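Accompanying notes for the structure given below.
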Amino acid sequence: MRVLVAGGAGYIGSVVTAALLQGGHEVTVLDDLSTGHADAVASGARFVQASLHDSGPVLAEVRPEAVLHFAAKSLVGASQQTPEEYWHVNVGGSLALLEAMRAADCRRIVFSSTAATYGEPEQVPIREDAPTRPTNTYGATKLAVDAMLTSYAVAHDFAAVSLRYFNVAGAAYGLGERHTTETHLIPIALQVAAGKREHLTVYGEDYPTPDGTCIRDYIHVEDLSDAHLLALPAPAAGEHRIYNLGNGTGFSVQEVVDAVRQVTGHPIPVEVGPRRAGDPAQLVASSDRIRGDLGWAPKHTDLAGIVGDAWSLIS
Ligand code: UDP
């Protein structure tokens, strides 16, 4: 298939680009390099530096059969401080991209949505029919794009899939997380192991969980990438599917720290700090829907294995 990957210079987009190329697809990457890295774009892909707002000419020229859309601002804290940027890029940019697709007669899309669309869950594991009540602007913008895709499927015959990622981690194809502003637990803990930080701050140990620290569902980026390739041809015209993507097992912050100690052999000094605003105690996915519909199954469910793959790029 001839595909356009928006945000293909970022962590997840670059891994999926490599997987698409390996699967024989013809790939053009569109990325404004606001957070991505040009050297993360696999050499077999064509690279165009442009923002979502300027995607029209690229779509018109490439005329892709499908778009995979990873391009977004994704820092929860920043989304609370400068919401206008998040609405402009994530929602305005996505609208511009969908309109560019429509003009180029491309109506198939896989979109990177997020567990943050659900907010504080009433029940775990979280299913796709759970209420969507995001607790931050980042989650609200992703939910708005999910709604946009439903309307475009109904009104304009789009074939769309939203993949709601839980906590993505690990590395594949020699590509891992390289954020200038790093806020995620596993890469921060690995920075401590690599001597780039003195310690890790645990954001709260008074949560209603067995060890008092927050529980998250860590999914290997390669398993996530597999899901994109399965999702790409799945929906029919006029259909918008939503799938959660996680391993279905929760690990606490303390368990992640223990895994990082085990993998790296570093003591990882820890300080306990206050809770981070907007952090739910537990986020664990039910991925039954994508397992049932598309036969997706994660291959990397072992936390130490996920951490080890990320560490192998750094050490
Ligand atoms: N966390 C932490 N210290 C850090 C970074 C994260 O204790 O330096 C905790 C955070 O409060 C959450 C979990 O680790 O409970 C995962 O956070 P992350 O930012 O990696 O992902 P999120 O779940 O927010 O998408």
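Values quoted throughout were computed directly from the atomic coordinates according to the rules given, and no laboratory measurement underlies them. Since this is a predicted model, take the numbers as computed values, not measurements. As a convention, Cβ positions derive from the backbone with ideal geometry for all residues, glycine included, and neighbour counts pool all protein chains shown.
Worth a mention:
- Residue list for the range 141-166, restricted to those being without any contact (Cβ under 8 Å) to a residue 40 or more places away in the chain and either buried (at least 18 other Cβ atoms within 10 Å of the Cβ) or under 17 Å from Ala234 (Cα atoms) (or both): Leu143
- Criterion violated by Val192 - all others in (1) within 12 Å of the ligand (Cβ to nearest atom); (2) among the aliphatic types (A, V, I, L, M); (3) touching an Asp or Glu at 6+ places or on another chain (Cβ under 9 Å); (4) outside any helix (DSSP H, G or I) satisfied: (4)
- Residue within the range 249-256 that is over 15 Å from the mean Cα position of the chain (by Cα), closer than 20 Å to Ala115 by Cα and assigned to a helix (DSSP H, G or I) present: yes
- Among the residues of the range 206-258, just one is over 22 Å from Gly176 (Cα atoms), among the acidic types (Asp, Glu) and away from the ligand (no atom under 16 Å from the Cβ), namely Glu239.
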